[in-house]
Amino acid sequence: MSFHMHLRATASDEVPEDFSSLLDFMWAAWEAHPEEYAAGIADSIEKDFGHVHEIYTMRADQGDAANAASTLPIFGGRHIHSPTKDQPPFVILNPAEVRGVAEFLRTVSFDERWQIAGAYNGWEDENRNTFLGYHNDLRTFYERATRAGHAVIKAFWY
């Protein structure tokens, strides 16, 4: 079984506002993911997105978020739930939040974050390059979305 966090940048006025429309929009985007990824308007992380969230949010005291922007790259934003709440919500970041994420990812020290979260979780150093790749991809994605003035929609496919 695989699960992914799928990110898609789009103009704010093109963000669907209800669960059913978001499902249609994001499913079409997921089916076109290779092309959208190549165009710089999509990104995804398979299975490790929860750990990436930990890298961004853990502090030396093993718990508190470093700042509000640290929670936004993965799980933060406005949640749109399914009517039956039996599926993961879609999460939407407005352009100002996207700018905040881009700034956070531009200025955060991946090495410091890795040392804190990795030590706490007992992660092996050989996994570092995988997570650095996720970090670099997210930084590039959010920077492009910021330059375009886009919102970002996140889907969690299970």
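A short reminder: the numbers here are calculations on the coordinates, not readings from a lab. Keep in mind that what you see is a predicted model, and the values were worked out from it rather than measured. Because the Cβ atoms are built from the backbone with ideal geometry, glycine has one as well, and the counts that use them run over all protein chains shown.
General remarks:
- Sites listed here are GluC sites (Glu not before Pro) in segment 87-151 whose DSSP assignment is loop and whose Cβ has at most 10 other Cβ atoms within 10 Å: E124.
- Here the Karplus curve 6.51 cos²θ - 1.76 cosθ + 1.60, taken at θ = phi - 60°, turns the phi angles of segment 108-113 into couplings of 6, 8, 4, 4, 5, 4 Hz, with x standing for Gly and Pro.
- Mean residue ellipticity (222 nm) of the chain, computed from DSSP H runs ≥ 4 via -39,500 (n - 2.57), nearest 500: -15000 deg cm²/dmol
- For the chain, the relative contact order works out to 37 percent when only alpha carbon pairs closer than 8 Å and six or more residues apart are counted.
- Proxy reagent accessibility, fewest Cβ within 10 Å first, across V15, V101: V15, V101
- Label zone at Y120, where the point sits 7 Å out along the Cα-to-Cβ direction: segment 137-151 residues whose backbone N lies under 20 Å: none
- Qualifying chymotrypsin sites (Phe, Trp or Tyr not before Pro) in segment 1-83, where qualification requires a DSSP coil assignment and no more than 14 other C-beta atoms within 10 Å, comprise F3.
- Kirkwood's formula applied to the C-alpha pairs of the chain gives a hydrodynamic radius of 15.9 angstrom.
- Axis of helix 128-148 versus longest Cα principal axis of the chain: the two differ by about 40°, to the nearest ten degrees.
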